[in-house]
Amino acid sequence: MGYLPDRDQTLMKLLVAGPFGVGKTTLIRTLSEIATLHTEEAMTETGRPVDDLAGLPEKSTTTVAVDFGRLTLPGNTVLYMFGTPGQRRFFPLWQDIARGALGALVLADTRRLADSFEIMDMIEEQGLPYAVAVNRFPGSPDHPPEVLRAHLDLHAATPLLLCDARERGSSLDALIALAEHVLDTLPAAATDPRERP
């Protein structure tokens with residue numbers, strides 16, 4: 001595939017968002033067909049009072065700017081995945097990254113579901129459609145989808161999936177569910193290359 005896209009491709013900028021330590025970088029690395037761009041830095045003792053590591057004993061790095069990957073789906077739909085930092089201090093950067101995005105995949109962790117509310121609020125304020133993928137961590141509480149949907153207070157049309165960000169199949173299902181949800185919410189002219197000027 002060349003650098004210049006085919007005119008018949010549908011290009012989609014999507015966010016991969018969620019709270020600190022939920023698996024955004026891992027999901028993008030799992031799915032990307034190109035070498036990913038990532039801006040991870042080692043966590044230090046100085047940052048310990050700022051970044052709460054409760055429930056994240058093995059976390060040693062954190063994204064400080066953006067993760068980026070690309071995935072081409074059958075039918076010439078190209079997904080550009082932009083992973084956003086999850087800490088509050090990066091929210092102004094998050095807003096910049098969100099410009100031009102068509103939707104967001106929100107990763108959630110059942111050990112810390114309440115941490116997802118602030119991210120979902122920001123996405124809703126931007127007017128972006130989104131899907132929620134609950135990333136399954138070893139030893140995390142397991143809840144039926146209807147319980148998760150109620151606890152997260154999701155709209156009936158918002159896709160909710162379970163995934164393992166390390167596993168390609170379930171991660172791909174989550175991203176495709178988001179892409180389909182986005183395409184369902186866009187006007188026909190925005191998704192049909194023949195209708196573009």
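The values are calculated or read from the model by the stated rules, or taken from the named source; none is laboratory data. Quick caveat, the model's predicted, so the values are computed rather than measured. Positions of Cβ are generated from backbone atoms using ideal geometry, with glycine treated the same way; all protein chains shown enter the neighbour counts. Surface areas here come from the heavy atoms of the whole protein model, side chains and all, with no ligands, DNA or RNA. Shrake-Rupley method; radii C 1.70, N 1.55, O 1.52, S 1.80 Å.
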Would you tell me the accessible area of residue 10, worked out with a 1.4 angstrom probe on the heavy atoms of the protein chains, in Å² to the nearest 10? 20 Å²
I'd like the accessible area for residue 146, computed on protein heavy atoms only with a 1.4 Å probe and all protein chains in place. Round to 10 Å², please. 120 Å²
Determine how large the accessible area of residue 143 is when every protein chain is in place; take a 1.4 Å probe and give Å² rounded to the nearest 10. 70 Å²
Please express the Cα-Cα pair-distance distribution P(r) of the stretch 108-175 as a list of whole percents, one per 5 Å bin, running from 0 to the bin with the greatest distance. 3, 16, 28, 27, 19, 6, 1
So, in nm, how far is label residue 37 from label residue 125 when the simple model puts each one 7 Å beyond its Cα toward the Cβ? 2.5 nm
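How charged is the neighbourhood of residue 32? Take every other residue with its Cβ under 13 Å from the Cβ of residue 32, and add Lys/Arg as +1 and Asp/Glu as -1.
Details: positive: 24, 29, 70, 168; negative: 33, 67.
With Lys, Arg at +1 and Asp, Glu at -1, the neighbours total +2.
Protein chains only, probe 1.4 Å: how do 67, 142 rank by accessible area, largest first?
Details: 67 5, 142 125 Å².
Result, largest first: 142, 67.
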Take 24, 13 and sort them by solvent-accessible surface of the protein heavy atoms, 1.4 Å probe, largest at the top. 13, 24
